[in-house]
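Read the structure below first, then the notes.
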Amino acid sequence: MIPKTYKEVIDLGDGREISIETGKLAKQAHGSVVVQSGKCMLLCTVVSNYKQADVDFLPLTVDYREKFAAAGRYPGGFFKREARPSDGEVLTMRLVDRVLRPLFPKDYHSETQVMIQLMSHDPEVMPDAMAGLAASAAIQLSDIPFETPISEVRVGRINGEFIINPTLAQLAESDIDMMIGASADSVMMVEGEMDEISEEEMTEAIKAAHEAIKVQCEAQTKLAEAFGKKETREYEPERADEDLAKKIHDMAYDKVYAVAKAGSSKHERGAAFAEIKEEIIASFSEEEVEDFGDLISKYYSKAEKAAVRDLTLNEGLRLDGRKTTEIRPIWCEVDYLPSTHGSSIFTRGETQALATVTLGTSREANQIDMPSFEGEERFYLHYNFPPFSTGEARPIRGTSRREVGHGNLAQRALKGMVPEDCPYTVRVVSEVLESNGSSSMATVCAGTMALMDAGVQLKKPVSGIAMGLITDTESGKYAVLSDILGDEDHLGDMDFKVTGTADGITACQMDIKVKGLSYEILVNALKQARDGRLHILGKLTDTISTPNDDVKGHAPKMVTRRIPNEFIGALIGPGGKNIQELQKETETTIVINEDPVTEEGIVEILGVGSEGIDAVLARIDAMLFKPEVGSIYEVKVIKMLDFGAVVEYTEAPGNEVLLHVSELAWERTENVSDVVNMGDVFDVKYFGIDSRTRKEKVSRKAILPKPEGWEDRPKRDNNKGNRDNRGRDNRNRGNNRRDDRNRKDNNKED
């Protein structure tokens, strides 16, 4: 029996559509949908346990995977099976998680799993832009408690016109690549990269995306109504005690306010807050602590958050004593590590990042192999966040999703400033050594200086800043915080990170926790962020104002040379023999790539010393050397033969030609050694291809003066008359022989 299906269609314009369908696949999941655009199909399922987990948070897992079969491909590697998620998949998971998580009830703690799978790929459709829509639609069809539908779209801009969910080709032409997540009422998440746009332009892009999201949220509501929206499940709420909450608030608020106003350091402040909490706990009996210990901690945290927020809103002061627009003290250093190709330290307050740069050939490019995208990155950044950076001891179990996300943000911030003609593959690694507020923005700043120290000719330096926002809806007060601390990250209503040059924004990441944030406040926050960025940028350029003119002495130099495709084989040699020997002789690394557009070979030569690079270039020049007819060249004898000498052009070593014995001198030469010997250097004239021998011809005698009284040998007279007479004589001899045979035959008959 064919199941009944339900479908809603969303018009994207330009003949493009997105459909949301349910009722056919994965019906045992609590909610499932297939989202399709063109040939691209995503299957999303959601399941949430009916029993509350014994934790004080929502154990939500968002999983996004791209199946290679969706693109008609095999997974790479030895085991032909999808394994751990790629960085691209992890980034999509984070984009969806950040929008979904705040919309579950605060006291809902059931283990919940959202799984999104790319089942069919369309090269004209970018699937990550539909993942948020698929996740929300599946939840809307379930009985899981969830506040409101959301969706996510990608917005690009070409020639001033915004495009929703652009294709990969359109994105290549766009000066904006932003993902926006929102409900019908509020923008909740923004992340992307831009080509030095203004704050106002960024806001307009968000508005355009939000209008498209409203339509997608409405489609989800219609689909749920047609399908038969389930009643939201009942669950056991968290225990609450309003009297206890008020009591703890009264006990903690003033003390926390006083500590916060003192403007102490992270450790001092943490110790003082811990002491206040211990005093409060000590005021309860052992039985009360055993019964209400979790509530006491919860209500103390609420009182602490309220006190710190009120301090900022009422007095414009912050936890460390700064004003809202004040940036923490900064110090920087470059060329700190002697053996790296580039290095820098960036320290802002209690946050510190050490960045290194490594330069290499295209062989070191980061290969991306996903069903939805195949390619490589010639510039990439890796971010490491060890536990000691926050004074913790915990096991390290691979690269976390957070590290992938923060590294990607810093990479997007910087990559647009690496010139297109940079010959190197560039890898930046950021080691976070201390963290109390935006280590990702510290990574951007340290990365900028390390690149300039390495001699990478950045178009412009880039700085980054993390901002916060505290609002009071009742009074209408709000405060934008520049350069937030780690504690301020948690207590604010919005935290956003903005990077850019002096001329505009290059990347951003926002998580907006307050509903209905006005665009006026958003623009004001972005403008305050710009002031902070420029202040930090000044500190960077005070340390290193422009990129170093060249790479360091111990760093590899890179030279590229283009050669016709037909010469690639000669340079490589049989089984790679020629290129391997050349690399060994010159102590260089040589990489050859073919340019399908120009049908040329691109030869990359990497070496620490210029001598080796020059030797490789000379070998290539020799291989490409083409003498001109009528020109005179200097040659050297490299081999003696009975009928001549093999010579090579001194300006193109390895390029050989035979100098025939008859072209050595005007006089008759019996022995080649009578005229030239091994190692002799002299000039010859090039005559091109000899019509008789079909080989290249050079002559030494052609540029020597003729001996006195010399007479050219008369040319052989091959006139036609002689040839005719010889032919007539031969015919006569043949006729005579036939006559003799006839006479013999006649005699036999007689």
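The values are calculated or read from the model by the stated rules, or taken from the named source; none is laboratory data. All of these numbers come straight from a predicted model, not from anything done at the bench. So basically every Cβ, Gly included, is an ideal-geometry build from the backbone, and we count neighbours across all protein chains shown.
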Q: Hey, could you check region 574-596 for residues that are aliphatic (A, V, I, L, M) and under 29 Å from the mean Cα position of the chain (by Cα) and say which is farthest from Ile613 (Cα to Cα)?
A: Ile592
Q: Could you run through region 543-565 and say how many residues are in contact with a Gly (Cβ under 9 Å, 6 or more places away or on another chain) and either free of Cβ contacts under 8 Å to residues at least 24 places away in the same chain or part of a helix (DSSP H, G or I) (or both)?
A: 1
Q: Of the conditions (1) touching a Lys or Arg at 6+ places or on another chain (Cβ under 6 Å); (2) under 30 Å from Gln52 (Cα atoms), Tyr74 clears all except one; give me its number.
A: (2)
Q) Can you name the number of the only condition in (1) of a type outside the set (Gly, Ala, Ser); (2) buried (at least 21 other Cβ atoms within 10 Å of the Cβ); (3) free of Cβ contacts under 8 Å to residues at least 24 places away in the same chain that Met449 fails? A) (3)
(Q) Looking at Asp185 and the list (1) crowded, with 22+ Cβ neighbours inside 10 Å; (2) in contact (Cβ under 8 Å) with a residue 40 or more places away in the chain, which single condition is not satisfied? (A) (1)
(Q) Between Gly476, Gly375, Gly437, Gly464, which is within 16 Å of the chain's Cα centre (by Cα) and outside the structural domain of Glu196 (by TED's automatic domain parsing)? (A) Gly375
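Each row is one residue, and each column tells you yes or no for (1) over 25 Å from Phe567 (Cα atoms); (2) part of a strand (DSSP E or B); (3) more than 51 Å from the chain's Cα centre (by Cα).
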{"site": "Val635", "(1), (2), (3)": "no, yes, no"}
{"site": "Ala652", "(1), (2), (3)": "no, no, no"}
{"site": "Trp666", "(1), (2), (3)": "yes, no, yes"}
{"site": "Thr669", "(1), (2), (3)": "yes, no, yes"}
Q) When the residues of region 43-72 are filtered to those that are among the hydrophobic types (A, V, I, L, M, F, W, C) and assigned to a loop (DSSP other than H, G, I, E, B), which remaining residue is nearest to Met130 (Cα to Cα)? A) Leu58
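If we scan region 714-736, do we find a residue that is assigned to a helix (DSSP H, G or I) and at pLDDT 80 or above? Lay out the reasoning, then the answer.
Just the residues of region 714-736 that are assigned to a helix (DSSP H, G or I), to begin with: 720-736.
Subset that is at pLDDT 80 or above: none.
No, region 714-736 contains no residue that is assigned to a helix (DSSP H, G or I) and at pLDDT 80 or above.
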Q. Which condition breaks for Leu617 when tested against (1) more than 27 Å from Thr358 (Cβ to Cβ); (2) in a helix (DSSP H, G or I); (3) among the hydrophobic types (A, V, I, L, M, F, W, C)?
A. (1)
Q: Could you tell me whether Glu204 is in contact (Cβ under 8 Å) with a residue 60 or more places away in the chain and among the charged types (D, E, K, R)?
A: no
Q) Yes or no: Gly516 surrounded by fewer than 21 Cβ atoms within 10 Å (Cβ to Cβ) and under 30 Å from Gly270 (Cβ atoms)? A) no
Q: Sort out which residues of region 45-59 are touching a Phe, Trp or Tyr at 6+ places or on another chain (Cβ under 9 Å) and crowded, with 17+ Cβ neighbours inside 10 Å, and write them in order of number.
A: Ser48, Leu58
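Quick check on region 636-656. Is at least one of its residues hydroxyl-bearing (Ser, Thr, Tyr) and touching a helix residue (DSSP H, G or I) at 6+ places or on another chain (Cβ under 6 Å)?
No - not one qualifying residue is present in region 636-656.
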